[in-house]
Amino acid sequence: MRRSFIIQILCVCASGAVFLGFVFEQRLKTADEYRRQVRLTLEEAKRIREQVILPHDDKVSAGQNLKAALEKFGLSAQEAAGASAAAQHAFNLRRLRAGNTITVGRSAEGRLREIDYKIDSDRMLTIVPEEGGFTARVS
């Protein structure tokens, strides 16, 4: 009787050890998956910060110049002047028309990414900030 009791105890202990091994293995797999998901989330957040552009648009008011319109979007006077100067090289700003749309695109962090002015149904003036100023092109 004593021998069968010891065998039963050993079987229960062995079963417990196998179960604990399985539980710890699952815990390690779950921790690895959690770390992988955190890494993917951080990569996606970085991509969003770098690539996503949040557009805000408004129509040009009568008698308004590009600099004043850009200041309405929250650009500083210096930024608006720089963007206007770059735009003047690509497009005659005297042809700015009331009612046309200006779209200012910012990153998710609020950094200026691009300014678009819809000249007509076929053409768009795009102003992009770069180091030391702005560049503009009509497409």
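Quick test for you: out of Ala108, Ala98, Ala136, pick the one residue that is crowded, with 17+ Cβ neighbours inside 10 Å and at pLDDT below 95.
Exactly one of Ala108, Ala98, Ala136 is crowded, with 17+ Cβ neighbours inside 10 Å and at pLDDT below 95, namely Ala136.
Just give me the residues in segment 1-60 being of a type in the set (D, E, K, R) and more than 30 Å from Ile115 (Cα to Cα), in sequence order. Within segment 1-60, Arg2, Arg3, Glu25, Arg27, Lys29, Asp32, Glu33, Arg35, Arg36, Arg39 qualify.
When restricted to residues that are more than 22 Å from the chain's Cα centre (by Cα), farther than 17 Å from Lys72 by Cβ and either free of Cβ contacts under 8 Å to residues at least 40 places away in the same chain or outside any helix (DSSP H, G or I) (or both), segment 89-124 contains 10. Consider Gln64 carefully, then state whether it is assigned to a helix (DSSP H, G or I) and surrounded by fewer than 18 Cβ atoms within 10 Å (Cβ to Cβ). Answer is no for this residue.
Go through segment 94-114 and give me each residue that's of a type in the set (Val, Ile, Thr) and in contact with a helix residue (DSSP H, G or I) (Cβ under 6 Å, 6 or more places away or on another chain).
Ile102
Considering segment 125-139 alone, what residues qualify as being more than 18 Å from Glu71 (Cα to Cα), not β-branched (Val, Ile, Thr) and not in a loop (DSSP other than H, G, I, E, B)? Answer for segment 125-139, where residues must be more than 18 Å from Glu71 (Cα to Cα), not β-branched (Val, Ile, Thr) and not in a loop (DSSP other than H, G, I, E, B): Glu130, Arg137.
The values are calculated or read from the model by the stated rules, or taken from the named source; none is laboratory data. For clarity, every value in this text was computed on a predicted model and none was experimentally measured. Please note: Cβ atoms are built from the backbone with ideal geometry, for glycine as well, and neighbour counts cover all protein chains shown.
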